[in-house]
Amino acid sequence: MRTLAGDRVVLKDVADGELWTAACEGCGWTYPDNIKHRTAYKGDAAVAARRHARECIGDQGTLW
């Protein structure tokens, strides 16, 4: 999937189809985003990735 800015949001399988991560190639967003939980179930990661894709406007680090 792609963000509003056209950057890819990628879902990645990290444990035999059970656990997944998501990352935005534009702004560097990741899901899950904390150290305690480094992976999530596919459905949760996909929902977070879709939500991020609808909201991301690109490299937000350049705004600060």
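At-a-glance table
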{"quantity": "Residues of the range 14-55 satisfying the condition of being free of Cβ contacts under 8 Å to residues at least 24 places away in the same chain and among the hydroxyl-bearing types (Ser, Thr, Tyr)", "calculated": "Thr30, Tyr31, Tyr41"}
{"quantity": "Flag for Leu11 being in contact (Cβ under 8 Å) with a residue 24 or more places away in the chain, open to solvent by 60 Å² or more (accessible area, probe 1.4 Å) and either under 24 Å from Gly58 (Cβ atoms) or in a strand (DSSP E or B) (or both)", "calculated": "no"}
{"quantity": "Considering residues of the range 14-60 that are among the β-branched types (Val, Ile, Thr) and in a strand (DSSP E or B) only, the residue least open to solvent (accessible area, probe 1.4 Å)", "calculated": "Thr21"}
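The values are calculated or read from the model by the stated rules, or taken from the named source; none is laboratory data. The shown structure was predicted, so the numbers you read here are calculated from the model rather than taken from an experiment. A quick note on method: Cβ atoms are made from the backbone with ideal geometry, for glycine too, and the neighbour counts reach across all protein chains shown. Surface accessibility is based on the protein's heavy atoms, side chains included, excluding ligands, DNA and RNA. Shrake-Rupley method; radii C 1.70, N 1.55, O 1.52, S 1.80 Å.
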